[in-house]
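Report on the structure given below.
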Amino acid sequence: MNYDIFIEGVIGEEVTLESIKAQVIAAPKDVTAFNVKINSGGGNMDVGKEIYNYLKSLGKPINTEVMGMCGSIATIIQQVAVPTKGERTIHQNSKDFIHNPFFPNEAPIPMEAKDAKVLHDALVEAEQWILDFYVEHTGKPKDILKAKMDLQTELTATEAQDLNFVDRVIGKEINSLRSYKVVAFYNVNSNKNNMDILKALNDFEANITNKMTALIKGKFKNETTKTSEGVDVYYEGVLAVGSKLFTDESLSVPAPDGVHTIGDKKYLVKDGVVASEEDLEAAADVSALKAENEKLKAQLAEKETAIANSTTELTAVKAEKAEAIEAVKTVTAEFKNLKAQFVTGTGELKPEFQAFKGDEENKPKVINTQLNKNLADRLK
């Protein structure tokens, strides 16, 4: 669907970029093209360019329709249909008007020759831009278009079509639209015009700034203090991270970079600004904690050494215990072997010792003699 946008009135006054954007925003989401209906004698050149560029950027076909007057910068907006693949139409009793740009009567103020040259150069540049634009969008020879601009030419609907400012003339007549005096002009406040009016504004701003600065300095004094090195420093408000530090009362000479001790704090200054601050008391507490930490680390190392020594001693004791266990095992085995000399596997005395049964008096002697013999045999 197509959606209508209206440009009616002086561009830069009744018609602004914001008013055009508001109309576009109000369009339904399913809009496929815009119909720009124009009845304007022109206006501010810069605003007209802005509107042209904005409509061109929408990415949709833009149809333009002249409904009364399309003069000066409005003819620039009219041509947006060309790059957007839209159609340019004009009602049969409507007109286009082209001319060279000019400054409005109220724009110039008393000026010197250099200021007049600035105006001249700006107008020549604007005139050339418009001429090149017309040539690009109409395809007509530059000399023909330039002659029409020099004569401030009012084009009928048919003449506008002949010069390819429009694609088609619409038969319907428009009687209800108000007519506009052609007021196209070049904006005196645009890009290159550095005239006395701007200078006057700058001078006024500087004057006000200086007076306000003097007033503030008279009412409020900057904070000041001394560093531990005896250097006077100045700052505004409360001294903290982010504060600008100076060495003069007018706050024009930044304090040198480095660490400055002020009161019970240390301030690190970089490029004249407090980058960090450190409480001296807290720093002392940190130092004490570090010393205590070193002491505890030393005690821990001492304990670890004692544990290592104890571990070594324990290992030696374990070795001695293992050796004793082996000795016991050896003695036990020896005893078993010795017992086997006298006792059978069934627990009975061997036959050679059976003769001593009942002879309790001589039995111990014989057994002892046998033991000594066996022991002597084992020690050989």
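The figures follow:
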quantity	calculated
Any hit, the range 295-306, residues being modelled with pLDDT of 85 or more and of a type in the set (Val, Ile, Thr)	yes
Tally, over the range 25-36, of residues that are within 33 Å of the chain's Cα centre (by Cα) and either of a type in the set (Lys, Arg) or closer than 25 Å to Arg168 by Cα (or both)	1
Per-region count, the range 262-277, residues loosely packed, with under 14 Cβ neighbours inside 10 Å and assigned to a strand (DSSP E or B)	3
Top-ranked residue of the range 37-72 - restricted to ones that are under 40 Å from the mean Cα position of the chain (by Cα) and of a type in the set (A, V, I, L, M, F, W, C), ranked as nearest to Glu125 (Cα to Cα)	Met45
Answer residue from the range 129-172, given it is among the small types (Gly, Ala, Ser) and closer than 20 Å to Val82 by Cα and is surrounded by the most Cβ atoms within 10 Å (Cβ to Cβ) among those	Ala160
Some residue of the range 301-321 being surrounded by 12 or more Cβ atoms within 10 Å (Cβ to Cβ) and either touching a Phe, Trp or Tyr at 6+ places or on another chain (Cβ under 6 Å) or of a type in the set (Asp, Glu) (or both)	no
Meets criteria (over 17 Å from Gly42 (Cβ atoms), modelled with pLDDT of 95 or more and under 45 Å from the mean Cα position of the chain (by Cα)) for Asp121	no
Ile109 vs. criteria modelled with pLDDT of 90 or more and β-branched (Val, Ile, Thr)	no
Filter result for the condition that a residue is in the same structural domain as Gln161 (by TED's automatic domain parsing), under 22 Å from Ile144 (Cα atoms), among the β-branched types (Val, Ile, Thr) and assigned to a helix (DSSP H, G or I), over Ile76, Ile90	Ile76
Considering residues of the range 3-24 that are in a helix (DSSP H, G or I) and of a type in the set (Gly, Ala, Ser) only, the residue nearest to Gly48 (Cα to Cα)	Ser19
Test: Glu125 is in a strand (DSSP E or B) and in the same structural domain as Met45 (by TED's automatic domain parsing)	no
In the range 1-47, residue surrounded by the fewest Cβ atoms within 10 Å (Cβ to Cβ) [restricted to those that are of a type in the set (Ser, Thr, Tyr) and touching a residue at least 24 places away in the same chain (Cβ under 8 Å)]	Thr32
Qualifying residue in the range 63-71 (condition: outside any strand (DSSP E or B) and either out of contact with any strand residue (DSSP E or B) (no Cβ under 8 Å at 6 or more places or on another chain) or at pLDDT below 95 (or both))	no
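The values are calculated or read from the model by the stated rules, or taken from the named source; none is laboratory data. None of the values given here were measured: they were computed from a predicted structure. Counting neighbours? That spans all protein chains shown, and the Cβs are built from the backbone with ideal geometry, glycine included.
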